[in-house]
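Visitor: After the structure tokens below, expect a handful of questions from me.
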Amino acid sequence: MRILGIETSCDETAICLIEAEGDFGIGSPKSETKAAPNFKYKILGNALISQAALHTEYGGVFPNLAKREHAKNLVPLLEKCLHETNSPRQGLALPRLNIAELQTTLSREPELLKQLIPFLEQHGKPDIDALAVTHGPGLEPALWVGLNFAKALSKVWNVPIVGVNHMEGHIVMSMMEGGHLASFEFPVLALLISGGHTELVLSKRFGSYKLIGQTRDDAAGEAFDKVARMMQLPYPGGPHISALAKKAREENLTTDVKLPRPMLNENNLDFSFSGLKTAVLRVLESSAPISDTLKKKLAREFEDAVADVLVAKTLRAVETYGANTVLIGGGVSANTYIRAELKKRLDEVSSKLLVCPPELATDNALMIALAGYFHAQKREFADITTLKANGNLRLGDIS
Ligand code: KG4
Ligand code: ZN
């Protein structure tokens with residue numbers, strides 16, 4: 001099956017075409033505990049534009065700017081992706097394009113429509129079987145652009161759509177290893193750490209998710225981004241803070257300041273990062289002018305504090321739910337220090353850690369295509385007349 005993934009939930013516009021076959025263990029007697037080994041995929045085309053630099057001056061993602069950029073980028077990215085693919089095309093003659101229908105579908109995205117019509121006139125229908133598009137969670141104006149784009153393509157190309165939960169995309173991505181499913185056992189505990197989410201999710205089989213812990217205020221990535229902003233570092237701040245912390249470790253720089261480890265010893269699986277961020281702000285305010293050395297020391301202490309809390313809560317959840325496997329996903333899971341600390345502690349309790357290559361931990365369309373394939377295989381297609389963006393879509397609602 002060839003499936004085209006479309007991702008526009010935040011500040012990455014991404015399109016990826018994969019060819020996938022096999023199954024995720026559905027129907028196999030072992031499906032409750034073991035992943036079936038026969039799923040595999042190939043990337044045929046992949047294109048992504050990050051808007052991060054454009055959002056830097058806002059210190060975070062500015063929803064209307066994100067929406068505008070997605071609308072501008074989608075058609076060129078589709079063109080690039082299909083060009084890479086060299087996909088055979090069945091010619092689609094102009095008269096068959098229902099311009100009025102396209103105008104209705106993309107009435108809120110005039111710039112996208114303007115690019116899409118000539119694109120569709122020039123290119124035939126690519127050889128694809130389904131579309132997979134993120135319908136939440138994320139920024140609603142941004143999600144709608146991807147969704148309406150997918151609806152337009154679905155109508156013109158006559159292919160079905162799968163609405164994908166972005167967080168399921170991160171989970172499925174981390175279950176992969178070199179073009180197939182990694183070998184692991186359920187139950188799987190997923191630690192999802194991104195700019196908008198910090199969640200612990202328990203999965204007893206593919207497609208089943210239970211939210212067992214989450215942040216009560218800021219997400220881990222949001223805390224990284226806000227602390228970076230306080231230190232005048234560009235958005236997204238996670239990689240910059242992490243680079244400073246690394247330097248501090250290499251140079252053996254430590255600070256007497258002990259930042260809080262919020263909720264570390266509380267008997268639950270929830271998180272809180274807002275107080276930690278404020279604690280950093282207080283130190284910075286009382287230390288002006290802020291030297292580069294102080295930045296490095298504080299970045300290290302901050303990263304230590306985040307890692308301590310994430311690792312402790314994950315281990316508590318592993319113990320509580322008897323998880324055989326832990327996976328981490330979402331942008332913050334690209335953090336090498338957090339990965340290493342978690343791996344060290346999970347090795348001690350003989351739990352397996354699944355991670356994906358750092359460049360695939362942040363938002364991309366491959367993860368959407370992969371999760372989309374899982375649902376397409378079960379013929380869980382959306383009704384395009386009712387498919388909606390839902391900024392607060394929850395993973396735990398699916399069981
Ligand atoms: O999953 P993602 O790409 O987008 C969302 O769905 O939010 O995650 C982006 C977040 C940002 O907050 C970014 O600062 C953070 O992931 N991030 C990192 C690292 N790389 C990205 N945080 C800490 N260390 C990193 N190396
Ligand atoms: Zn994400």
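The values are calculated or read from the model by the stated rules, or taken from the named source; none is laboratory data. Predicted model, so just to flag it, every value in this text is computed and none were measured. Methodologically, a virtual Cβ is constructed for each residue, glycine included, from the backbone with ideal geometry; neighbour enumeration extends over all protein chains shown. Protein only, heavy atoms only, side chains kept; ligands, DNA and RNA dropped before computing areas. Shrake-Rupley method; radii C 1.70, N 1.55, O 1.52, S 1.80 Å.
Visitor: For region 326-349, which residues satisfy the criterion of being away from ligand 2 (no atom under 12 Å from the Cβ), farther than 23 Å from Phe206 by Cβ and either open to solvent by 10 Å² or more (accessible area, probe 1.4 Å) or not β-branched (Val, Ile, Thr) (or both)?
Guide: Those that are away from ligand 2 (no atom under 12 Å from the Cβ), farther than 23 Å from Phe206 by Cβ and either open to solvent by 10 Å² or more (accessible area, probe 1.4 Å) or not β-branched (Val, Ile, Thr) (or both): Asn335, Thr336, Tyr337, Arg339, Ala340, Glu341, Lys343, Lys344, Arg345, Asp347, Glu348, Val349.
Visitor: Then there's this: Restricted to region 236-252, and to residues that are over 23 Å from Ala361 (Cα atoms) and open to solvent by 30 Å² or more (accessible area, probe 1.4 Å), which residue is farthest from ligand 2 (Cβ to nearest atom)?
Guide: Going through the qualifying residues, I end up with Asn252.
Visitor: Using beta carbons and a limit of 9 Å, which pairs, at least six apart or on different chains, have the first residue in region 237-253 and more than 11 Å from Lys296 (Cβ to Cβ) and the second one more than 16 Å from ligand 2 (Cβ to nearest atom) and among the β-branched types (Val, Ile, Thr)?
Guide: Once the first residue is more than 11 Å from Lys296 (Cβ to Cβ) and sits in region 237-253, its partners that are more than 16 Å from ligand 2 (Cβ to nearest atom) and among the β-branched types (Val, Ile, Thr) give Gly237/Val227; Ser242/Thr336.
Visitor: Being under 18 Å from Leu276 (Cβ atoms) and open to solvent by less than 10 Å² (accessible area, probe 1.4 Å) is the filter here, so list the residues in region 201-223 that pass it.
Guide: Gly213, Ala219, Ala220, Gly221, Ala223
Per-residue answers, yes or no, for (1) part of a helix (DSSP H, G or I); (2) over 24 Å from Lys67 (Cα atoms); (3) touching a strand residue (DSSP E or B) at 6+ places or on another chain (Cβ under 7 Å):
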{"site": "Thr320", "(1), (2), (3)": "yes, yes, no"}
{"site": "Leu327", "(1), (2), (3)": "no, yes, yes"}
{"site": "Leu342", "(1), (2), (3)": "yes, yes, yes"}
{"site": "Ser350", "(1), (2), (3)": "no, yes, no"}
{"site": "Asp363", "(1), (2), (3)": "no, no, yes"}
{"site": "Ile368", "(1), (2), (3)": "yes, no, yes"}
{"site": "Ala371", "(1), (2), (3)": "yes, no, yes"}
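Visitor: Yes or no: Asp304 closer than 18 Å to Ala223 by Cβ and of a type outside the set (A, V, I, L, M)?
Guide: Judged against the criteria, Asp304 is a match.
Visitor: For region 265-286, how many residues meet the condition of being open to solvent by less than 60 Å² (accessible area, probe 1.4 Å) and either under 14 Å from Asp308 (Cβ atoms) or of a type outside the set (Lys, Arg) (or both)?
Guide: 14
Visitor: Continuing with this model, one more query. Are there strands (runs of 3 or more DSSP E) fully within region 101-212 with at least 1 residues that are within 27 Å of Asp308 (Cβ to Cβ)? List them.
Guide: 188-193, 198-203
Visitor: Looking at the structure I just gave you, is Leu74 open to solvent by 10 Å² or more (accessible area, probe 1.4 Å), of a type in the set (A, V, I, L, M, F, W, C) and within 26 Å of Ala376 (Cα to Cα)?
Guide: Here the answer is no, as Leu74 does not meet what is asked.
Visitor: Name the one entry in Ala323, Ala299 that is under 22 Å from Met173 (Cα atoms), more than 16 Å from ligand 2 (Cβ to nearest atom) and open to solvent by less than 10 Å² (accessible area, probe 1.4 Å).
Guide: The unique qualifying residue is Ala323.
Visitor: Check off (1) in contact with an Asp or Glu (Cβ under 9 Å, 6 or more places away or on another chain); (2) touching a residue at least 60 places away in the same chain (Cβ under 8 Å) for Asn148 and give me the number that stays unchecked.
Guide: Condition not satisfied by Asn148: (2).
Visitor: Where residues in region 287-296 are outside any loop (DSSP other than H, G, I, E, B) and surrounded by fewer than 15 Cβ atoms within 10 Å (Cβ to Cβ), which of them is nearest to ligand 2 (Cβ to nearest atom)?
Guide: Asp292
Visitor: So is Lys125 under 22 Å from Gly372 (Cα atoms) and open to solvent by 30 Å² or more (accessible area, probe 1.4 Å) or not?
Guide: When the stated conditions are applied, Lys125 passes them.
Visitor: Kindly indicate whether any position in region 376-388 is open to solvent by less than 60 Å² (accessible area, probe 1.4 Å) and either more than 28 Å from Leu78 (Cα to Cα) or part of a helix (DSSP H, G or I) (or both).
Guide: The answer is yes; a qualifying residue exists.
Visitor: Note down all Cβ pairs under 9 Å where the first residue falls in region 273-284 and is more than 12 Å from Arg229 (Cα to Cα), the second is among the polar types (S, T, N, Q) and buried (at least 21 other Cβ atoms within 10 Å of the Cβ), and they're at least six residues apart or on different chains.
Guide: Phe273/Thr198; Phe273/Thr215; Ser274/Thr215
Visitor: Right, next: Tell me whether region 155-168 contains one or more residues that are among the basic types (Lys, Arg) and not assigned by TED's automatic domain parsing to the domain that holds Gly138.
Guide: No, there is no match, as no residue in region 155-168 is among the basic types (Lys, Arg) and not assigned by TED's automatic domain parsing to the domain that holds Gly138.
Visitor: Can you tell me which residues in region 249-276 are of a type in the set (A, V, I, L, M) and in contact with a Ser or Thr (Cβ under 6 Å, 6 or more places away or on another chain)?
Guide: The answer is Met263, and nothing else.
Visitor: Would you confirm whether or not region 303-314 contains a residue that is β-branched (Val, Ile, Thr), open to solvent by 10 Å² or more (accessible area, probe 1.4 Å) and within 14 Å of ligand 1 (Cβ to nearest atom)?
Guide: No; the residues of region 303-314 include none that is β-branched (Val, Ile, Thr), open to solvent by 10 Å² or more (accessible area, probe 1.4 Å) and within 14 Å of ligand 1 (Cβ to nearest atom).
Visitor: Something else now. Quick check on this structure: which one of Asp256, Asp225, Asp218 is away from ligand 1 (no atom under 16 Å from the Cβ), assigned by TED's automatic domain parsing to the domain that holds Ala340 and not aromatic (Phe, Trp, Tyr)?
Guide: Testing whether each residue is away from ligand 1 (no atom under 16 Å from the Cβ), assigned by TED's automatic domain parsing to the domain that holds Ala340 and not aromatic (Phe, Trp, Tyr) leaves just Asp256.
Visitor: Are any residues in region 83-98 modelled with pLDDT under 90 and assigned to a helix (DSSP H, G or I), and if so, which ones?
Guide: Thr85, Leu94, Pro95, Arg96
Visitor: For Pro262, state whether it is open to solvent by less than 30 Å² (accessible area, probe 1.4 Å) and at pLDDT 95 or above.
Guide: yes
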